[in-house]
């Protein structure tokens, strides 16, 4: 199946949403963080039909547009079970503490990810890896055939996710990156939650948080 994907930075923190579409105009949306009306307009203009929303984790800057999309297309939202209460709780999702105009409250997830493995949604097939450390329910979504992993806020180009928020653990994050992400083929594209894309090879060689430079 031929897939196209694009990065869509949203909101004050420029959180990367990702839109993955096939030739039938079906799509999956990862981490629609903000600017819901703008994102809805874009999808309408391209005549795309979202089948699901996948969340790498439930921090406020990754979830702000979820309900705008869900109300428009009635597509299910997937989130790891360890953060099932975060969507509705501004203290847990962090929006209470970042000086926003309003706290972020999103309706509960429709589907809870409870373990690693294959996740099939219509014609789309992902491999789900638990990559906690930035947050306890962080996951990464891997498209093997397309050689791309959507890493959320676990791994960035030249950096890693912060670990000073609710449930964060630096030791756990480093372990997640080494055991779940760096074992992927070196040519794998890494599509992070913020900033530019990178590759597994680049991060193995140049990321100062991972190689002791």
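The values are calculated or read from the model by the stated rules, or taken from the named source; none is laboratory data. Owing to the predicted nature of the structure, the values given are computational and were not obtained by experimental measurement. Heads up, the Cβs are rebuilt from the backbone with ideal geometry, glycines too, and the neighbour counts pull from every protein chain shown.
Can you pull out the residues in segment 116-137 that are in contact with a strand residue (DSSP E or B) (Cβ under 6 Å, 6 or more places away or on another chain) and farther than 26 Å from residue 49 by Cα?
The answer is 116, 130, 131, 137.
Look through 62, 80 and report the one residue that is within 12 Å of the chain's Cα centre (by Cα), more than 15 Å from residue 11 (Cβ to Cβ) and modelled with pLDDT of 95 or more.
The match here is 80.
So, residue 94, is that one under 15 Å from residue 15 (Cα atoms) and modelled with pLDDT under 95 or not?
Judged against the criteria, residue 94 is a match.
Can you find even one residue in segment 152-160 that is in contact (Cβ under 8 Å) with a residue 12 or more places away in the chain and exposed (fewer than 14 other Cβ atoms within 10 Å of the Cβ)?
Looking through segment 152-160, none of the residues is in contact (Cβ under 8 Å) with a residue 12 or more places away in the chain and exposed (fewer than 14 other Cβ atoms within 10 Å of the Cβ).
Out of contact with any strand residue (DSSP E or B) (no Cβ under 7 Å at 6 or more places or on another chain), more than 19 Å from residue 33 (Cβ to Cβ), surrounded by fewer than 19 Cβ atoms within 10 Å (Cβ to Cβ) and touching a residue at least 40 places away in the same chain (Cβ under 8 Å) - does that describe any residue in segment 101-115?
no
Of all residues in segment 173-190 being in a helix (DSSP H, G or I) and out of contact with any strand residue (DSSP E or B) (no Cβ under 8 Å at 6 or more places or on another chain), which is surrounded by the most Cβ atoms within 10 Å (Cβ to Cβ)?
175
Please state which one of 84, 45, 7 is free of Cβ contacts under 8 Å to residues at least 12 places away in the same chain and at negative phi.
Result: 45 is the single residue among 84, 45, 7 that is free of Cβ contacts under 8 Å to residues at least 12 places away in the same chain and at negative phi.
Name, by its number, the condition in (1) buried (at least 20 other Cβ atoms within 10 Å of the Cβ); (2) in contact with a helix residue (DSSP H, G or I) (Cβ under 8 Å, 6 or more places away or on another chain) that does not hold for residue 37.
With (1) buried (at least 20 other Cβ atoms within 10 Å of the Cβ); (2) in contact with a helix residue (DSSP H, G or I) (Cβ under 8 Å, 6 or more places away or on another chain) applied to residue 37, the lone miss is (1).
Go over the candidates 19, 28 one by one and state the one that is buried (at least 18 other Cβ atoms within 10 Å of the Cβ), in contact (Cβ under 8 Å) with a residue 40 or more places away in the chain and outside any loop (DSSP other than H, G, I, E, B).
Of the residues listed, the single one that is buried (at least 18 other Cβ atoms within 10 Å of the Cβ), in contact (Cβ under 8 Å) with a residue 40 or more places away in the chain and outside any loop (DSSP other than H, G, I, E, B) is 28.
If you check residue 54 against the conditions, is it over 23 Å from residue 124 (Cα atoms) and in contact (Cβ under 8 Å) with a residue 40 or more places away in the chain?
No, not satisfied.
Among what's in segment 191-213 and is touching a residue at least 60 places away in the same chain (Cβ under 8 Å) and not in a loop (DSSP other than H, G, I, E, B), pick the residue that is surrounded by the fewest Cβ atoms within 10 Å (Cβ to Cβ).
194
Just checking, which of 146, 166 is assigned to a loop (DSSP other than H, G, I, E, B) and under 23 Å from residue 14 (Cβ atoms)?
Result of the check over 146, 166: 166.
Right, residue 53: in a strand (DSSP E or B) and surrounded by 21 or more Cβ atoms within 10 Å (Cβ to Cβ) or not?
yes
Taking into account only those residues within segment 31-49 that are in a loop (DSSP other than H, G, I, E, B) and farther than 23 Å from residue 137 by Cβ, which is nearest to the chain's Cα centre (by Cα)?
Ranking the candidates gives 35 first.
Just to check your reading of the model, which residue among 13, 3 is in contact with a helix residue (DSSP H, G or I) (Cβ under 7 Å, 6 or more places away or on another chain) and surrounded by fewer than 18 Cβ atoms within 10 Å (Cβ to Cβ)?
None of the other options fit; the residue is 13.
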